[in-house]
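Just below is one structure, and these are the notes that go with it.
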Amino acid sequence: MDGIQIRKGVRPDLEVLKNFDHVIKTSHVWQMQQSENNGEVITRFIQTQLPREMRVIYPHSPEMLETKWGEFSSILVGCIDQVPVGYITIDSYFSPDLVWIKDLVVDQIWRRKGIASQLIEESVSWAKERNFNRMVLEMSSKNFPAISMAKKLKFEYSGFNDNYFTNRDIALFFTRDVGNRPRG
C-alpha cells in the first residue's frame, strides 16, 4: 500500500495500539492430527475449511503491550497520515542470531492492504542492520490469514507448541533467513 510510513513505536502510541481490533476472522484453520505407532509420534497439520467463518480471539492480550513495552527489542508502527494503523513487536533476546516476531496486528479496517507485509519487510531490514540471521513468526493455528501471509513472504513452517499461548491455542512457528551470514 502506498502512503504507509513505518517508524519506531513511541509510548504515546500505546493507547491507540491497544484499542485496535485484535480479533481475527477466518473460514480456514490448520487442524492438528497426532498419532503414535511403535514408539513413533507423527504430527500433521491439515488445512481445514470451516462450515462458517469464526472469530478468533488474539492469543496475546492487548493490555500486555503496556507491561511488555520495555521488554521488546523494538516495536515498529505503520502509519497512514501520521495515524497508527498497525504494529509489530520484535524480540531479539531469545537467541544471538534470531529475531522473534511476537505480535503483528493491523487494525480491522486496514487489513488486506499489504500493511502487515510491509511491517514484516521493515522488520527484516531491522534484523539485517543488526546482523541477525533468521526471523521467526509465531501465530495461532487458527490464524489462517497470518499463515497464508507467512507462506507468501517465503517463511517456512518450522514447528509448533500446543502449550504456548495462555488461551490454549496451538502456536505455529514459521522461519525465514534474513540474508546475513551466521555469526562466528
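Where does the charge balance sit around Pro59 when Lys and Arg score +1, Asp and Glu -1, over other residues with C-beta under 14 Å from its C-beta? Charge balance near Pro59 sits at 0.
Of the residues Ile101, Ile80, Ile115, the one that moves most in a GNM of the chain with alpha-carbon contacts below 10 Å is Ile80. By the helix-only formula, in which each DSSP H run with n ≥ 4 contributes -39500 (n - 2.57) and the sum is divided by residues, the chain has a 222 nm mean residue ellipticity of -5000 deg cm²/dmol. Taking max minus min of the alpha-carbon positions on each principal axis, segment 98-184 gives extents of 38, 31, 20 Å, largest first. Give the shape of the chain as rounded, prolate or oblate, defined through the alpha-carbon gyration tensor: a ≥ b ≥ c are the square roots of its eigenvalues, a/c under 1.5 means rounded, and otherwise the shape is prolate if a/b is larger than b/c and oblate if not. Here the chain falls in the oblate category.
How far is helix 115-129 tilted off the main Cα axis of the chain, in degrees rounded to 10, range 0 to 90? Here the helix axis deviates by roughly 80 degrees.
Every read-out reported here was derived from the displayed coordinates using simple, explicitly stated rules and does not represent laboratory data. As the structure is a computational prediction, the values presented were derived from the model and not from experiment. Neighbour counts run over all protein chains shown; Cβ positions are idealised from the backbone, glycine included.
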